[in-house]
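Quick notes on the structure that follows.
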Amino acid sequence: MALIETRDLRRVYDLDAGRVVALDSVSLDIEQGDFVAVMGPSGSGKSTFMNLIGCLDRPTGGQYRLAGTAVESLDAAGLARLRNREIGFVFQQFNMLPRVDALGNVELPMIYAGFDRRTRRERALQALGRVGLVDRAHHRPMQLSGGQQQRVAIARALVNSPSLLLADEPTGALDSRTANEIMALFQELNREGVTIVLVTHDAEVGRHAHRLVRFRDGRVIDDHRQTPVNARDLEAEAAQ
Amino acid sequence: MRWIEAIRSAFSAIMANALRSLLTMLGIVIGVAAVIAMVAIGSGARNLVDQQIRSLGANLAIVTPGNVTQGGARLGAGAASSLTDEDAQAIRREIDGVVAAAPFVQGGAQVVAGGSNWGTRIYGIDLDWFSAREWDVATGRTFDPEEVRRGDIVILLGQTVARNLFADEDPIDQFVRVRNVPFRVIGVMAPKGQSAFGQDQDDVVFVPLDTGRRRVIGRNYAKDRSVGSIFVKFANESDIEPGIESMTELLRQRHRIIGEQEDDFSIRNLTEIANTASASANTLSMLLAAVAAVSLLVGGIGIMNIMLVSVTERTREIGLRLAVGARPRDILSQFLIEATTLSTIGGALGIGLGVGAAYLVAQLAGWPSLVSTNAILMAVGFSALVGIFFGFYPAQRAAKLDPIEALRRE
């Protein structure tokens, strides 16, 4: 059984201007441990697809199973619980709580999972360790660089040990060197077994994944496996 | 999300906009302070009235002589000396529900003790006086029945008189002279304080009824058995009205007043007068509390306003919280707790301010102190309720946000 299974997934928006079919019968499986880049121009349906597999939205039609759970039948609270346990989000704009230090930001998903304070602290420090920012634990977002904020966001996404890391243009707000560092981090995490789905319009970013899925007009137009570039090699190249 | 987490995060959100939060709270602060101060002031006024009613004695009516016509001129009420202590005895005997009928005469007198003297009111009374006015001695004893019957030359002093004539000395068994008659002091009355009309009720002396009539007051009581007025005390408040009717009947009969002829006495229900005063004090305090409650309402609207602003400002935060697993009800309770925290802190500050204001007013007006625990509990409860009530709409708006929309919002 694949981690993600979608069957004829549809999402139709009823707008004032009329019906818009954002996603049209998408059937896709993503295996545990894979690293998939979802690409396509704006309006291709890749964001709609991401919202659906991220359990932020419900499909108009079709089925979606995440880690064996039928998502389309869940209510808002059920979706929230699934997001909390099975999905870690990484956004383009980092989305840090500004008044809370890095540690507090990483603890956030565990608050909703109901962990006690000590457990949260321990596991948040562990997660910050995975992204190499233990020494910044008590810095507030304003005191961190963009790359560091994104690392904190990745630690936050990992802290509940989700089955899926879902990244939406994670390097879009970063300079290319920092972006490369973040991609290297993703590759490392993937080697440690984290399943990653990365949504981007940037072909350079897409080259880091093992599998490339292209969307256009709400449909999958291309789906193939590739040999990923190694972010560490790119770093070395750039250094020369 | 746990309560402690929620309250901690509410505090951090409130502190993040400290000035704004403070200004928002100000409405509740003023509202709660106003409620507490107004309730305190109102109940202070009512206490004062109640105290004065109690000092008069409960369930009391007074029979006074009526007007009298002399050569075509109608003299005012009390001009006649138509009442006698036999009337009082008849009332005591024949009217249902009467527990005491206290006839008395009164006048002014200069009381002399050794080198000092003091002008005061003098009352000639019988034993019913003490139960009718619910008034006993503080030291010494009251008259015994024989003293009253014989008209002995003994006197009871009010607190004010005792203090002015004897200072720290014990007046019991000392002698005072009234109109050159030496009276033996047998007791000092318990303090009564001010009457409802601002008189010092302790500036008074008492002698037996006959003594008063014969030896000191005299002038208006030419007829041997006549008295000034009669206090009539009833067992129950409900006895008063029917009692007054039967008394009127009885006295008309005794005074041989027939048909259309005008009564030569009048009867007033003192308890009713007192109750009216008490009721109007009550109304006043309710009115004050209502006005204060309006300011609490306004404070609540202020909280709603600022919570709506806060929800709009923090849309992305809400989106993020939803994305990492907050359920809509977590968001709802987060914002509700924030609003409630805001209003409760405001309520706490308001209590301080209100208690202070009430204390100040009590000091200035010379009223008994009066902040009730009930008013404080009510104010705290009410301010928390205001927070929940006015926080609910903004919180619900936050909880209903679509996570995708919320995350996209700039």
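The values are calculated or read from the model by the stated rules, or taken from the named source; none is laboratory data. Model, not experiment: these values are computed from the prediction. Virtual Cβ from ideal backbone geometry, glycine too; neighbours counted across all protein chains shown. For accessibility, only protein heavy atoms count, side chains too; no ligands or nucleic acids. Shrake-Rupley method; radii C 1.70, N 1.55, O 1.52, S 1.80 Å.
Does B:Ile172 qualify as being open to solvent by less than 70 Å² (accessible area, probe 1.4 Å) and part of a strand (DSSP E or B)? No. Got at least one residue in region B:345-366 being free of Cβ contacts under 8 Å to residues at least 24 places away in the same chain, under 30 Å from B:Glu410 (Cβ atoms) and out of contact with any Ser or Thr (no Cβ under 7 Å at 6 or more places or on another chain)? No, the conditions are met nowhere in region B:345-366. Looking at B:Val355, B:Val361, B:Val380, just one residue is in contact with a helix residue (DSSP H, G or I) (Cβ under 8 Å, 6 or more places away or on another chain) and farther than 26 Å from B:Arg20 by Cα, and that residue is B:Val361.
Just to be sure, is B:Ser278 in a helix (DSSP H, G or I), at pLDDT below 85 and touching a helix residue (DSSP H, G or I) at 6+ places or on another chain (Cβ under 6 Å)? Spell out how you get there, then give the answer.
On the way: in a helix (DSSP H, G or I): yes; at pLDDT below 85: yes; touching a helix residue (DSSP H, G or I) at 6+ places or on another chain (Cβ under 6 Å): yes.
Spelling it out, B:Ser278 is indeed in a helix (DSSP H, G or I), at pLDDT below 85 and touching a helix residue (DSSP H, G or I) at 6+ places or on another chain (Cβ under 6 Å).
Pull up region A:7-65, narrow it to residues that are more than 14 Å from chain B (Cβ to nearest Cβ), assigned to a strand (DSSP E or B) and free of Cβ contacts under 8 Å to residues at least 12 places away in the same chain, then point me to the one that is least open to solvent (accessible area, probe 1.4 Å). Here the answer is A:Gly18. So is B:Ser285 more than 14 Å from every other protein chain (Cβ to nearest Cβ) and either in a helix (DSSP H, G or I) or within 21 Å of the chain's Cα centre (by Cα) (or both) or not? In short, yes. Can you find even one residue in region A:197-219 that is modelled with pLDDT under 95, within 19 Å of A:Leu128 (Cα to Cα) and either over 15 Å from the mean Cα position of the chain (by Cα) or surrounded by fewer than 16 Cβ atoms within 10 Å (Cβ to Cβ) (or both)? No, every residue in region A:197-219 fails to be modelled with pLDDT under 95, within 19 Å of A:Leu128 (Cα to Cα) and either over 15 Å from the mean Cα position of the chain (by Cα) or surrounded by fewer than 16 Cβ atoms within 10 Å (Cβ to Cβ) (or both).
Is it the case, given these coordinates, that B:Leu385 is under 22 Å from B:Gly302 (Cβ atoms) and either of a type outside the set (Lys, Arg) or more than 14 Å from chain A (Cβ to nearest Cβ) (or both)?
Working: under 22 Å from B:Gly302 (Cβ atoms): yes; either of a type outside the set (Lys, Arg) or more than 14 Å from chain A (Cβ to nearest Cβ) (or both): yes.
Yes, satisfied.
If you take the residues in region B:15-54 that are open to solvent by 10 Å² or more (accessible area, probe 1.4 Å) and β-branched (Val, Ile, Thr), which one is farthest from the other protein chains (Cβ to nearest Cβ)? Top of the filtered list is B:Ile53. Looking only at region A:87-114, residues that are surrounded by fewer than 21 Cβ atoms within 10 Å (Cβ to Cβ) and either within 13 Å of the chain's Cα centre (by Cα) or among the charged types (D, E, K, R) (or both) come to 4 in all. Mind listing just one residue for me: the one in region A:140-154 that is assigned to a loop (DSSP other than H, G, I, E, B) and under 21 Å from B:Ala323 (Cβ atoms) and, of those, least open to solvent (accessible area, probe 1.4 Å)? Going through the qualifying residues, I end up with A:Leu144. Within the bounds of region A:126-139, is there any residue that is on the phi > 0 side of the Ramachandran plot, more than 14 Å from every other protein chain (Cβ to nearest Cβ) and open to solvent by 50 Å² or more (accessible area, probe 1.4 Å)? The answer is yes, given that some residue of region A:126-139 is on the phi > 0 side of the Ramachandran plot, more than 14 Å from every other protein chain (Cβ to nearest Cβ) and open to solvent by 50 Å² or more (accessible area, probe 1.4 Å).
Just so you know, in region B:306-339 the residues that are more than 14 Å from chain A (Cβ to nearest Cβ) and in contact (Cβ under 8 Å) with a residue 60 or more places away in the chain include one that is surrounded by the fewest Cβ atoms within 10 Å (Cβ to Cβ), and it is B:Leu308.
Of everything in region A:68-115 that is within 8 Å of another protein chain (Cβ to nearest Cβ) and among the charged types (D, E, K, R), the residue that is nearest to A:Pro162 (Cα to Cα) is A:Arg85.
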